[in-house]
1. Using a simple charge model, +1 on the beta-carbon of Lys and Arg, -1 on the beta-carbon of Asp and Glu, nothing else, what dipole does the range 445-509 show about its Cα centre, in debye to the nearest 20?
2. Along the charge dipole of the range 350-711, pointing to its positive end and built from +1/-1 on Cβ of Lys, Arg, Asp and Glu, which listed residue (His582, Leu416, Ala616) has its Cα farthest out?
3. Can you figure out the FRET efficiency of Lys130 with Arg196, using R₀ = 22 Å and their beta-carbon distance, to the nearest 0.05?
4. So, with +1 on the Cβ of K and R and -1 on the Cβ of D and E, and no other charges, what is the size of the charge dipole of the range 399-519 about its Cα centre, to the nearest 20 debye?
5. Sticking with the crude label model, points 7 Å out along Cα→Cβ, report the distance from Ala417 to Glu339 in nm, one decimal please.
6. Give, as a single signed number, the net charge of other residues whose beta carbon lies under 9 Å from the beta carbon of Phe466, with Lys and Arg counted +1 and Asp and Glu -1.
7. What nm value, rounded to one decimal, do you get for the distance between Gln168 and Ser244 when each label is placed 7 Å out toward the C-beta?
8. Report the label-to-label distance for Asp614 and Thr600 in nanometres (one decimal), using points 7 Å from each Cα along the Cα→Cβ vector.
Amino acid sequence: MNNPFDPGHIQEEKAEREARRLKLRTNLLIALFCAALAGFVAVLYQTQIVRGSDYRANSAVRIPQTEQVNSVRGEIVDTCGRMLVTNEVSYNVELDTSAMGSERNGILRRLLEICREEGVEWADSLPISKTAPWTFTTDTPYSYQGENGDGEPEEKATSLGSLAALPQYKWLDKSDPQKENPSAGELLSSMCASFRLIDVKKGEVPGATERELAGVLYELYLRSNSINNNTYVFARGVDITFISKVKENALAGVRIETATTRRYGTSYAAHVLGYTGAIDPGSEWEHYQELDYPMNATVGKEGVELAFEEQLHGTSGTRRIVKDQDGNVISQEWSKEPEPGDNAVLTLDMALQATTEDLLAQYAARQEVKVGEDGEPEPAKGMAAAVVDMSGGVLALASYPTYDLSTFRENYSELLADKSEPLNNRATMGRYAPGSTFKMLTAVAALSEKKITPRERIECTGTYTFYTTPQPHCWIWPGRHNWENVTDAIKDSCNCFFFEAGRRTGIAKLREYAQQFGLGEYTGIELAEEKGWVAGPETSEHFDLPWFDGNTLNASIGQDNNMFTPLQLANYVATLVNGGNHYACHLLKEFKSSDYSRVTQTYDAAPLNTIDIDPAHLAAIKQGMYDLSKTYTMARWFDSLPVEVGCKTGTAETSAKAASTNAVFVCFAPYDDPQIALCLVAEGGDAGGSLAELAAGILAQYFSTGGSLSAVAGENTLLR
Ligand SMILES: [Zn+2]
């Protein structure tokens, strides 16, 4: 990496500049946080000291408590230091009923009034309509069909069902026919009576206000009964006007706490970044409890937020607080200060990521105007792209259709129901037949095993006649390629050449090489990924299909049961053109301390295995990929690039319908000193060649125009 023209080197320098800028910004954030805390203390001062005479009598009772305090979550930046995910300071309203005493209902009534005046929304998961006539908002209010530990169906109580059946409430009582399955109205009346919101004996019935109060009390009762916790976050992200009103009313047990929420610096890379959320009491609490997380901690749920949870989270702190009997904190002392999490620096280049996602969306938009057999426009087909460097670093990873992290919670049910599966990360989860992009693998295996030589010519007559059956055709049939060597055969994508090369090599060796190139193996990326399948007798057996020697022919040209992810295919090309060093894929570049001053952990890229490829063999294969880029259909996209490329197209029939095909395209650049490799897949795409335009757009972004390198492109020219 000593070449000053190397983008990696330039990015390093840029990252350093960015880091310095970021440190300033982080300090600002911390300052803001302190200012917020100071404001809080000022309000306390006002209540405790200035208006002290009213309160002193109450403060005589002091209640010491120990609280866990969440650490500030680390940020996520791209390889150049561009901010992708950061934190925003916000104010939450927490309720502590233990401090409300007999005034509880009055305090809550007043709080809800203030909320309505200020338009503040609060948490309410009670599944009863907000206004009369009372109806359940779910089909299964009390119980649902779940599974027991052995996977047997079992009727399970919902949160409401468990609470309603508790002996102290008996809102629901299986032994009493009157209360076996109460309607929403009956349940609400019982709840409101228990909560002393209405007097049933006087014939009072709940109204909309009582329903609102019952909703808040339901949340509180749920917590005090299930996790033995008297506090809960009533509303998030409230503003200063609301806070002053709450303070003016001196509502005991209503606390304003500072918190942080995630803010996104990009609308791209949703599948990579993932998101955070509250700990799930059922599936996650046990795990995080062992790690000493507070129950109200925010944790990673998907993507790198989940993968780097340990480093991003930091260490929660513990403070001893002393409260008066109204729940006001009158002193605090840290027994352990919270330590902020580390910041994650990704290998991702956001300029490249944005270009890649935009190009996929544009291509898909052109495809969508297609009309299906029934005359209706066909639904959006999926697309995927993966761009890697020569040591497995992921520079861009895109899946179409995608979603926006800042709005996905509101649209979640739509996204989940969408048949084009926008939540699915096709780049690591999609399994596609590689088609002819597999031919380089067959070539390496056949050359390395000395079954063919770089100069040997094999005849294509349009039909491969070694076996009596099958006798598959070359794609050019009824035409023919005549005599071709391995370089010609890659350029022309001659099937007959690779039928012969694959047959001589044998399926066992093909599988062995595929595995060494990481095909049908986990790439190691920090995201959820599929492993895929390498065609062969073992795979056919798994799918309950027969295997004949003739199957090797189709396997040699990337058909049969070969199924790989786009990321695997990109990394396979990188492994090939870097000379045979197979690296794990990774998104992590390094972790930095919370102020960006220190690198706390660097990703150590070391080859998983090395394939001994004869340079002459590699040269013959690369030459075929280069020659293809110079053919008329390819050259019109690649000729204007500042670098030379090598490429290979693939078109694979999908297993279900022969009429439906997926288009696959792989390439690398620069040809004489490869730095990046990429794979594009279009579900239902016509032919791999149609993806060349997209590939050229991605390469243009990386090597010449716009984005991460635009600032330096003028200073030290990357153009060749
Ligand atoms: Zn041929």
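1. Details: 9 positive and 7 negative charges, 40 e Å.
Computed charge dipole of the range 445-509: roughly 200 debye.
2. Ala616
3. 0.55
4. 540
5. Placing both labels 7 Å beyond Cα along the Cβ direction yields 4.7 nm.
6. Working: positive: Arg503; negative: Glu500.
Every neighbour counted, the sum reads 0.
7. Label at Gln168, label at Ser244, 4.0 nm between them.
8. The modelled label-to-label distance comes out at 5.1 nm.
Every number in this text was worked out from the coordinates using simple rules, so none of it is lab data. Remember, it's a predicted structure, so these values are computed and weren't measured experimentally. Neighbour counts run over all protein chains shown; Cβ positions are idealised from the backbone, glycine included.
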